[in-house]
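Just below is one structure, and these are the notes that go with it.
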Amino acid sequence: MLKVENLTIAYGKTEVVHHVSFDVKKGSVVTIAGANGAGKSTILNTIVGLHRPKEGSILYKGEDIARKAPDKLVYKGIRLVPEGRQIFPEHTVEENILLGAYVEKDAKKIRDRMDEMYDRFPRLKERRKQIGGTLSGGEQQMLAIARALMTGPDLLILDEPSLGLAPIIVKDVFKLLTEIKQTGVTIMLVEQMVDNALSISDYAYVLETGNIVFSGTKDEVKNSDDIVKAYLGNV
Amino acid sequence: MQQLIFGLANGSIYALMALSIGMVSSTTGIVNFAYASVVMMGAMVSWWLMVIYQFSYIPALFVAIAVSIVLNIVIYETCVKKLGNLLDNVGWIITLFGASIILDNIARMLFGTEPQAFPYLFGGKMVTFFGANIMLHELMMITIAVVIGVAYQTIIKKTRFGRAVRAVAFRPATSELMGIKSEKIILSCFAMAGAVAAIGGVLIAPITFASYTMTYSIGLKGFAAAVLGGFGNTKGAFIGGFLLGLIEAFISIFVPAGIKDSISFVIMIIVIIFLPGGIMSAKIFNRNWSAAEKV
């Protein structure tokens, strides 16, 4: 599905990600773990076209998308749920969801998908006339995910979906991601708090200061004491 | 009554100009210092078409709108976009002032320094309205301004384009993730602002006469109205504009005409001191305000 090869990313002259390669297989859940400043968000922003890589290629369904504009990638079925949710706080919940379908021209498709989202997230339906800024953190995360699902993406990328949420709500978010995976969507996650993320992942990469220092299935990660101690805390 | 209509008519133009400023600043945070020159250019171009080429009022207006749209787009492409990330620099303050000076001097060279009489809509026909003689042109000014204001608010509130404009104003990068081309949205805001500026210029020119000095005589009033209503607040722009027009009209009964213009700026200074966010930021308008963002 997604194959990143030899990716190097720089801000100005400062290289923050060095020759990183990884692979996301169709229908799987892949986690990239790592501490603050490891370059996780930078990689995601580059995949969705907000940032241009210095070197390397990003192959999506066999096509190099490394220098494509974000709106082109939305058409191709890649959606990012950004760090900190980034919902539109002064738009209503419904408007937020509609903005998620901005590139969709077919009014019927938009309505069907919106009904689908309201079925899945009854809380959002209740609050559809409320402005986004008044939602709780968990509701905002649901809204951000619903917004991303409005174009029916093939690859859903989430940047720290658990950030700033109560543990019980984090459980809900990951349960939801498992459900989304079952509908055939490939999921790529970035997390600092990896225990929940690993539990739903098929494969994981550990990133440290711009380099991948470990990769393996979730059991391999859990069984690797050094990695767990050094980067992940208690798993 | 005559003063009231006169105040509302002038106010409607101040409102249009404040709206033009607000359209740009609400989406980009940029104060388009060159906008007043675009207002002036709109007026001068249509004067030129009407007097030299015998255009009638409406076609001249449309050409002026087209010219101003192009001007504003050129201003954006040359003075704003080239500077890169707007959060990183304030170079646009200087480039936009520069653009304003360039446009003013082009106008002076092309159209001369004399203030030119400008024809009225409907040939300056008068109507009697509650016992007062009122020019149809003034009523048209008010009507057009209100129609534009209502249309703009409807577009912004109800349409897909409007949703995108508000989204880009708030989170340009996240908007890109939705597939919105932020760049295009900003460009269309500049274009709309240019059109509105031209309409304002062409409508007020019969009252003030058209000359390259309109940039300062009229343009600054637009800023006063924008500040009065709250910068970047397109609804406030209308309230600020009409308020400024009315205050001027009634004050001119009591003070000599020479001082009249300074009044609007005294008011602007007072508002900035006591309500830095403009009149719309006053508590009574914001009882239900709760945009506390949770991150």
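Here, each number is a calculation from the coordinates, and none is a lab measurement. Source: prediction; values computed, not measured. As a convention, Cβ positions derive from the backbone with ideal geometry for all residues, glycine included, and neighbour counts pool all protein chains shown.
Projected label points at residue A:136 and residue B:132, each 7 Å from Cα along the beta carbon direction, are separated by 5.7 nanometres.
Per-residue Cβ neighbour counts within 10 Å put A:205, B:216, B:53 in the sequence B:53, B:216, A:205, beginning with the fewest.
Here the extension length gained between residue B:261 and residue B:78 equals 62.6 nm, from 0.36 nm per residue of separation less the Cα-Cα distance.
Here A:31, B:154 are placed in order of increasing Cβ neighbour count within 10 Å, fewest first, which gives B:154, A:31. Using the Cβ-Cβ distance between residue A:229 and residue A:64 with R0 set to 41 Å, the FRET efficiency works out to roughly 0.60.
Given their separation in residues at 0.36 nm each and the Cα-Cα distance between them, residue B:216 and residue B:157 gain 18.0 nm when the chain is fully extended.
In percent, how large is the relative contact order of chain B, given Cα pairs closer than 8 Å and 6 or more residues apart? Result for chain B is 37 percent. Counting Cβ atoms of other protein chains within 10 Å of each residue's Cβ and taking the mean over peptide A:147-155 gives 1. Mean partner shielding of peptide A:98-109, defined as the number of other chain Cβ atoms within 10 Å of each residue Cβ, is 3.
Take the Cα of residue B:66, step 7 Å toward its Cβ, do the same at residue A:120, and the gap between the two points is 4.9 nm.
Residue exposure proxy: A:23, A:226, ordered by other Cβ atoms within 10 angstrom of their Cβ from fewest to most, comes out as A:226, A:23. FRET efficiency for the pair residue B:102 and residue A:3, taken as 1/(1 + (r/R0)^6) with r the Cβ-Cβ distance and R0 = 60 Å, rounds to 0.70.
Between segment A:127-186 and segment A:49-65, the alpha-carbon centres lie 25 Å apart. So what does log10 I(q)/I(0) come out to for segment B:148-250 at q = 0.10, 0.22, 0.23 Å⁻¹, using the Debye formula with one equal point on every Cα and no solvent? For segment B:148-250 at q = 0.10, 0.22, 0.23 Å⁻¹, log10 I(q)/I(0) is -0.36, -1.23, -1.29. Here residue A:220 and residue A:75 are evaluated by their C-beta separation; at R0 = 45 Å the FRET efficiency comes out at 0.80. The modelled label-to-label distance for the pair residue B:273/residue A:202, using points 7 Å beyond Cα in the direction of Cβ, is 6.9 nm. Looking at segment A:1-70, the trypsin sites (Lys or Arg not before Pro) that sit in a DSSP loop and have at most 12 other Cβ atoms within 10 Å of their own Cβ are A:13, A:26, A:67.
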